[in-house]
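The structure under discussion appears below in the form of structure tokens.
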Amino acid sequence: MTDGSAGFHQSTASAWDTDYHSPALAAEVVTLLGGSALVLDGTLGGGGHSRALLDHGVGKVIGLDRDPDALAAAGIRLAEESARGRFAAYLGNYAAIDAIPAIADLRFTGILLDLGISSHQIDDAARGFSFREGAPLDMRMGGADDASRTAGELLDEADEAELVRIFREFGDEPRAGRLAREVIRRRGNRPFRTSDDLVGAIRGAFGARTGPSDFARLFQAVRIAVNDELDGLARALPALRDRLSPRGTLAIIAYHSGEDRLVKHAFREWSASCICPPRQPMCTCGGDRALGETVTRRALTASAEETARNPRSRSARLRAWRAR
């Protein structure tokens, strides 16, 4: 970002923080999407990004979230804008955008995804996203209607190959096989029900010196699997692209290397005029010109001031793409 945008960030971004959640890279999002006629906030959360966009010239924001608690919190925060017709929110998963009748025919001048989970979800022990002692192994973002099984059920039912894939691909764990076997051994004695059970398996596989960073990474891996987050993002990307108006912008904040990789590769592919293999003698992909252009040459990251105020933003990476 330019020096001007950095100053804007430092002077205003904290105004959009709430007890529910502190939106990451909010000023950068405003720079990319501010002034748009109609924005889809596909991961509404507590409404922080939506509030920032409405404060900076966006005509209307439509929010989606798979978590009813998030819709309730955002609805309270943005009640006045809703009454003015500038905000509306619906329960739904951005990964199934075409299955939401209320927005079936809409095209957007801006679309935002802020992936991962909110501070509120982490802090609410009953949701099971935390490795806090005694927390239930649930981790479903939207409850029973949104995910087929809880984290505990996944750990009790998945075979060794699936567990290895989850810990390796979603948790960047090189010793995934060892942990998968430890999970299978322990569930033979009793089912996985609380955070203590998964923490115990991690320590049993890797030793007593494992600590919070290991727990956070591997709990995240299980959460990603429970909520189908990476596969859902892969399905959603072309559907969201096709919902953009001409010159509309898609902005995505990722916190996991797998998420960021999917976004980066998709934006690169859409910005190429031909995606056939370089040595192929004839174009067969049908691409005579690029679908659009990547706006961010490299991912935008949080400033030192923001990470001090909002530690969750440390791993945030924002990329944007604009349709032709």
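The values are calculated or read from the model by the stated rules, or taken from the named source; none is laboratory data. The structure presented is a predicted model; accordingly, all values stated were derived computationally and were not measured. Ideal geometry is used to build each Cβ from the backbone, glycine not excepted, and the neighbour counts take in all protein chains shown. The protein model used for the area step is the full one, side chains on, heavy atoms only, and it has no ligands, DNA or RNA in it. Shrake-Rupley method; radii C 1.70, N 1.55, O 1.52, S 1.80 Å.
Here are the numbers for the structure shown:
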{"item": "Those residues of the stretch 249-269 which are open to solvent by less than 10 Å² (accessible area, probe 1.4 Å) and of a type in the set (S, T, N, Q), in sequence order", "result": "T249"}
{"item": "Flag for S245 being open to solvent by 50 Å² or more (accessible area, probe 1.4 Å), closer than 30 Å to S36 by Cβ and small (G, A, S)", "result": "no"}
{"item": "Residue satisfying all of: in the stretch 123-146; modelled with pLDDT under 80 and surrounded by 15 or more Cβ atoms within 10 Å (Cβ to Cβ); farthest from D67 (Cα to Cα) among these", "result": "S130"}
{"item": "When residues of the stretch 97-110 are limited to those that are in contact (Cβ under 8 Å) with a residue 12 or more places away in the chain and outside any loop (DSSP other than H, G, I, E, B), the one farthest from L250 (Cα to Cα)", "result": "A102"}
{"item": "Residue tally, condition over 30 Å from D98 (Cβ atoms) and either at pLDDT 90 or above or in a loop (DSSP other than H, G, I, E, B) (or both), over the stretch 1-37", "result": "7"}
{"item": "Some residue of the stretch 151-172 being touching a helix residue (DSSP H, G or I) at 6+ places or on another chain (Cβ under 6 Å), part of a loop (DSSP other than H, G, I, E, B) and among the hydrophobic types (A, V, I, L, M, F, W, C)", "result": "no"}
{"item": "Filtered residue count, the stretch 187-196, keeping only those that are touching a Leu at 6+ places or on another chain (Cβ under 9 Å) and open to solvent by 20 Å² or more (accessible area, probe 1.4 Å)", "result": "4"}
{"item": "The stretch 74-95: number of residues that are in contact (Cβ under 8 Å) with a residue 24 or more places away in the chain and more than 12 Å from S50 (Cα to Cα)", "result": "7"}
{"item": "Within the stretch 38-74, tally of residues that are of a type in the set (G, A, S) and part of a strand (DSSP E or B)", "result": "1"}
{"item": "Residue in the stretch 265-279 that is closer than 22 Å to I100 by Cβ, touching a helix residue (DSSP H, G or I) at 6+ places or on another chain (Cβ under 9 Å) and not in a loop (DSSP other than H, G, I, E, B) present", "result": "yes"}
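So that you can scan it fast, the table gives a plain yes or no per residue for (1) in a helix (DSSP H, G or I); (2) under 30 Å from L40 (Cβ atoms); (3) out of contact with any strand residue (DSSP E or B) (no Cβ under 9 Å at 6 or more places or on another chain); (4) free of Cβ contacts under 8 Å to residues at least 60 places away in the same chain:
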{"residue": "V183", "(1), (2), (3), (4)": "yes, no, yes, yes"}
{"residue": "G200", "(1), (2), (3), (4)": "yes, no, yes, yes"}
{"residue": "R203", "(1), (2), (3), (4)": "yes, no, yes, yes"}
{"residue": "T210", "(1), (2), (3), (4)": "no, no, yes, yes"}
{"residue": "A221", "(1), (2), (3), (4)": "yes, yes, yes, yes"}
{"residue": "A236", "(1), (2), (3), (4)": "yes, yes, no, no"}
